[in-house]
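Inspection log for the structure reproduced underneath, given as structure tokens.
What follows is calculated from the coordinates using simple rules that are stated; it is not laboratory data. This is a predicted model, so every value here is computed, not measured. Here Cβ is always computed from backbone atoms with ideal geometry, including for glycine, and neighbour counts include all displayed protein chains.
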Amino acid sequence: MNSHAVGFYVATVFALLVATVSRRGLAATPVAYSGSLCRGTDTDYEGHVSRSSGHLSATANVHVVCPIIKTTSGPGIWDGDEISNVTVSFASSSVATCWLTIYSANQFGDQGQNVPTNVMEQSFGSVSSSTISLSSETVSYWNGYEDHHTWYYPELYCEIDSGGTLTSYSVTEEGTVQDYDRIAPESNCANATGGDHYNYVEPGAPGGNDWGGYVAAAGSESGFSMVCPVLAGGGSAIEIAVGPTISPPTMAGNLMGCESTDTSTWQYADYDSGYQFPPQVLTYSQTTPSELICQMQNLPPTGGDAKVFSYRTAADTSDFTLQ
């Protein structure tokens, strides 16, 4: 991503069904995130950032991804849960451009093989008076493309010139904070192994031919393993979208899967010799909210690849069915 103009893109026209359901919760307010939560999109970029006092500073030109946790979306909420503002704050003299991108997990359900991108909407801007302000019109995050086991998820991506410091970012969601329903991007998951084993894939443009908003294994490197933490206020039911392994048939046994630390049960995405996309969704019913560990079936792997896109929580697995 190289454009430095201020702009706004919408990938598709949304049919807005005004059927907002009242659920218990608190009125939404801006949520502040520390700049230090952002991660370099690969090991090289991560090696050129420093963190201090909640800030992230660039010692060279870097690309970073920053998690946004969606809290006002849930079953039966079709409207009124948009992200009305994201304000990214920088130290003075910082030069940076940021993108707010809305992605689809499991785009169009089983028809996703024919979809060229999972980018639904995107806005971007450059630093002006030490801040960047972004917004989105996307609604109905929980219901995604109006199908079972699909959803939308937001993510912040920034390109920061050497010497710049991202101090914080704040996110304002419209709607009501839900009791158990949370949606998180892959940038909320952390590399558990160290080394050159991951790549947070940068966003493409709406209407293009690129998928983004996922973390992938770095080629055939050994030890790819991501830990997706418990979401504050989230429920014990979890769904996670992971990329199916696409590998030569001799490596088909090296599947990508996740384990809930509560159930200690592994689930794997089916091997697919033809398609990297769409993601496949794994569902877990837990006793208590617990983290997920996602990795290749064989460590070190014999080859192949792996991807993690997004995960969400609810009170019960029935909440993942379209309502």
Quiz item: Taking θ as phi - 60°, what are the ³J(HN,Hα) couplings along segment 161-167 by the Karplus curve (6.51, -1.76, 1.60), each to the nearest whole Hz, with x for Gly and Pro?
Solution: 6, 3, x, x, 9, 8, 8
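For segment 31-188, what is the charge dipole size about the Cα centre, in debye to the nearest 20, if Lys and Arg each add +1 at the Cβ and Asp and Glu each add -1 at the Cβ?
Working: 4 positive and 19 negative charges, 121 e Å.
Charge dipole of segment 31-188: 580 debye, to the nearest 20.
Could you calculate the FRET efficiency of A232 with W266 from 1/(1 + (r/R0)^6), where r is the beta carbon distance between them and R0 is 30 Å, rounded to 0.05? Mind dumping the intermediate values first?
Values: r = 25 Å, r/R0 = 0.85.
E(calc), rounded to 0.05, equals 0.75.
Applying 1/(1 + (r/R0)^6) with R0 = 45 Å to the Cβ-Cβ distance of T317 and V95, what FRET efficiency is obtained, to the nearest 0.05?
Details: r = 46 Å, r/R0 = 1.02.
Using R0 = 45 Å, I get an efficiency of 0.45.
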Self-check item: In sequence order, calculated HN-Hα J values of segment 258-263 (Karplus, 6.51, -1.76, 1.60; Hz; x Gly/Pro)
Solution: 9, 10, 7, 6, 7, 8
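Determine the gain in length on full extension of the stretch S130-S84; use 0.36 nm per residue of separation and subtract their C-alpha separation, reporting nm with one decimal.
On the way: separation 46, 0.36 × 46 = 16.56 nm, distance 1.97 nm.
So the chain would gain 14.6 nm between S130 and S84.
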